[in-house]
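The values are calculated or read from the model by the stated rules, or taken from the named source; none is laboratory data. For clarity, every value in this text was computed on a predicted model and none was experimentally measured. Don't worry about glycine lacking a Cβ; one is built from the backbone with ideal geometry, like all the others, and counts go over all protein chains shown.
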Amino acid sequence: SQQGEEDPQALSIQEGENATMNCSYKTSINNLQWYRQNSGRGLVHLILIRSNEREKHSGRLRVTLDTSKKSSSLLITASRAADTASYFCATDLNAGGTSYGKLTFGQGTILTVHP
Amino acid sequence: DGGITQSPKYLFRKEGQNVTLSCEQNLNHDAMYWYRQDPGQGLRLIYYSQIVNDFQKGDIAEGYSVSREKKESFPLTVTSAQKNPTAFYLCASSPPTYGVGNQPQHFGDGTRLSIL
């Protein structure tokens, strides 16, 4: 099964509301990344959070990491229709060593923001 | 502007045919990656390369081959041995990861491969 599992699989909200997506993983990690994918396009990197960090912010994005629960969440505040996309978490599989860039992606959360 | 260019955007393969997907980057990144994405699914790693003239198999390398003769280029060949090649193929690159762990990856806009 996938290293990262996102929850929910799909999320539908109104503009202005907050959107929260969760990611769980199975093994220890060096870091966790969140990516966004618009339909039919490539992925865009959003945030990287290291295993010794608990929270990170970037604009309207807030990412938390709980290594004891092996989980992360991505919060998008004051959502806009342009935030409509799929969101993926990605983890490496090796803690404490070199991971050679291998990322394992979850299946993603499809976010739809209605105007 | 720096970025990753994948071509073609759409590709059709006949039975028994090999096809090659192009990936070029001008970000001066050492590491490059190929992923496969099936509908409604996440990305699965096919091959990756940390340096010119070196590459490693990912999780689903069977039926695929790559080369890394230049830093800027990492072409993927889908061979006739890949029996279910219909998918969206994404190429990515990143700064070196040796000794520093994973870096953010930059993605191209993909090639959609279908069977005729």
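Screening region A:26-115 for strands (runs of 3 or more DSSP E) wholly inside it with 1 or more residues that are at the interface with chain B (Cβ under 9 Å from one of its Cβ atoms), among the hydroxyl-bearing types (Ser, Thr, Tyr) and touching a Ser or Thr at 6+ places or on another chain (Cβ under 6 Å) returns the ranges A:85-91.
Are any residues in region B:40-58 more than 13 Å from the chain's Cα centre (by Cα), under 19 Å from B:LEU113 (Cα atoms) and touching a residue at least 12 places away in the same chain (Cβ under 8 Å), and if so, which ones? Within region B:40-58, no residue meets the criteria.
Residues that are more than 14 Å from chain A (Cβ to nearest Cβ) and among the aromatic types (Phe, Trp, Tyr) occur in region B:2-23; there is at least one. Among the residues of this structure, A:ILE13 counts as one that is surrounded by fewer than 21 Cβ atoms within 10 Å (Cβ to Cβ) and more than 11 Å from every other protein chain (Cβ to nearest Cβ).
Kindly evaluate B:LYS9 against the criterion of being surrounded by 15 or more Cβ atoms within 10 Å (Cβ to Cβ) and modelled with pLDDT of 95 or more.
So B:LYS9 fails the test.
Whenever a residue of region B:9-33 is within 24 Å of A:GLY40 (Cα to Cα) and touching a residue at least 60 places away in the same chain (Cβ under 8 Å), its partners that are acidic (Asp, Glu) and part of a loop (DSSP other than H, G, I, E, B), lying with C-beta atoms within less than 6 angstrom and at least six residues away or across chains, give the pairs B:GLN25/B:GLU72. None of B:GLN82, B:GLN105 is within 14 Å of another protein chain (Cβ to nearest Cβ) and either buried (at least 17 other Cβ atoms within 10 Å of the Cβ) or free of Cβ contacts under 8 Å to residues at least 60 places away in the same chain (or both) except B:GLN105.
Consider only pairs whose beta carbons are under 8 Å apart and that are at least six residues apart or on different chains; among these, list those whose first residue lies in region A:36-59 and is at negative phi and whose second residue is in a loop (DSSP other than H, G, I, E, B) and of a type in the set (A, V, I, L, M). So the pair list comes out as A:SER51/A:ILE29; A:SER51/A:ALA95. Against the definition (more than 14 Å from chain A (Cβ to nearest Cβ), among the hydrophobic types (A, V, I, L, M, F, W, C), out of contact with any Lys or Arg (no Cβ under 7 Å at 6 or more places or on another chain) and crowded, with 19+ Cβ neighbours inside 10 Å), how does B:LEU90 come out, yes or no? So B:LEU90 does not fit the description; no.
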